[in-house]
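Inspection log for the structure reproduced underneath, given as C-alpha cells.
The values are calculated or read from the model by the stated rules, or taken from the named source; none is laboratory data. This one's a predicted model, so the numbers in the text were calculated from it and none came from an experiment. Glycine gets a Cβ as well: all are built from the backbone with ideal geometry, and neighbour counts include every protein chain shown.
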C-alpha cells in the first residue's frame, strides 16, 4: 500500500475538521494543532485553506463526473445504469465520508474553482437526467418528471456520508443492492 504524502495527510485531516466544524470555522491554526505541527509548517505543503477545499471538492466532483460519464456511455439498460450510479455513490462515499461532507456542505466557498465545480455538477446531473429520459422512452421507467426522480434519488445518495458506518462494518455490494431495490423499484415498470 502506498504511503500517504504530507500534503495528502493535510487534506485528509482538513476534510475531517471541515466535516466536524464547517469550512468557515476551521483555521489553519486548528489544522496545524490537529496535526501536531506549527501553522507555518503547513505552508511548506499547501498554499491556503482554499487550496485544500479545492483539492477535496474538485477531486470528488471529477470522480463522480467521470464515473457518471462512463455509466452514461455504456451499453447497459437504463435500470442497470441507475444501479451503477448507486454503486458509484456508495463506493465514493464509503471511502471518503469527510470529503463528501465538504462536497455537499462547503462547495459554495470555492472561489477560483466555483465555476468549474458548477460545470462538473451540471454535466453529472445532465447525464443522470438523460439516463432517466432514455429509460422513460424505452419503457423501462414510468413517465414521471426526470428532475423529480433525479432529485429523489440524489437526495438519498448525497447523504450517504452521514450514516454510512465504517467500511469493515458492512458489505458495500449489499448496501448498493439494498439501495437499488429501494430507490429503483418504485420507478421501474413491472
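I'd like the full set of residues that are within 23 Å of residue 185 (Cβ to Cβ) and at pLDDT 95 or above, limited to the range 93-117. Outline the logic, then answer.
Residues of the range 93-117 within 23 Å of residue 185 (Cβ to Cβ): 93-94.
Listed by number, the list is empty, since nothing qualifies.
Name every residue in the range 59-93 that is within 10 Å of the chain's Cα centre (by Cα) and in contact (Cβ under 8 Å) with a residue 40 or more places away in the chain, in order of residue number. Working first, answer last.
Narrowing the range 59-93 to residues within 10 Å of the chain's Cα centre (by Cα): 59-65, 88-93.
Within the range 59-93, 59, 60, 61, 62, 64, 65, 89, 90, 91, 93 meet the criteria.
Can you tell me which residues in the range 45-63 are assigned to a loop (DSSP other than H, G, I, E, B) and buried (at least 18 other Cβ atoms within 10 Å of the Cβ)? Full working, then the answer.
Of all residues in the range 45-63, those assigned to a loop (DSSP other than H, G, I, E, B) come to 45-48.
46 - this is the single residue of the range 45-63 that is assigned to a loop (DSSP other than H, G, I, E, B) and buried (at least 18 other Cβ atoms within 10 Å of the Cβ).
Could you pull out the residue among 108, 68 that is more than 15 Å from residue 154 (Cα to Cα) and touching a helix residue (DSSP H, G or I) at 6+ places or on another chain (Cβ under 9 Å)? Step through it out loud before you land on a result.
Details: 68 fails: more than 15 Å from residue 154 (Cα to Cα).
Matching residue, one of 108, 68: 108.
Scan the range 52-62 for residues that are out of contact with any helix residue (DSSP H, G or I) (no Cβ under 6 Å at 6 or more places or on another chain) and over 12 Å from residue 114 (Cα atoms) and report the count.
Residues in the range 52-62 being out of contact with any helix residue (DSSP H, G or I) (no Cβ under 6 Å at 6 or more places or on another chain) and over 12 Å from residue 114 (Cα atoms): 2 in total.
If you go through the range 1-29 one residue at a time, how many are surrounded by fewer than 15 Cβ atoms within 10 Å (Cβ to Cβ), touching a helix residue (DSSP H, G or I) at 6+ places or on another chain (Cβ under 8 Å) and in a loop (DSSP other than H, G, I, E, B)?
Adding up the residues that qualify gives 3.
Looking at the range 30-44 only, could you name the residues that are assigned to a helix (DSSP H, G or I) and either out of contact with any helix residue (DSSP H, G or I) (no Cβ under 7 Å at 6 or more places or on another chain) or farther than 26 Å from residue 161 by Cα (or both)? Before you say what the answer is, go through the steps one by one.
Filtering the range 30-44 down to residues assigned to a helix (DSSP H, G or I) leaves 30-35, 39-42.
Scanning the range 30-44 gives 33, 39, 40, 41, 42.
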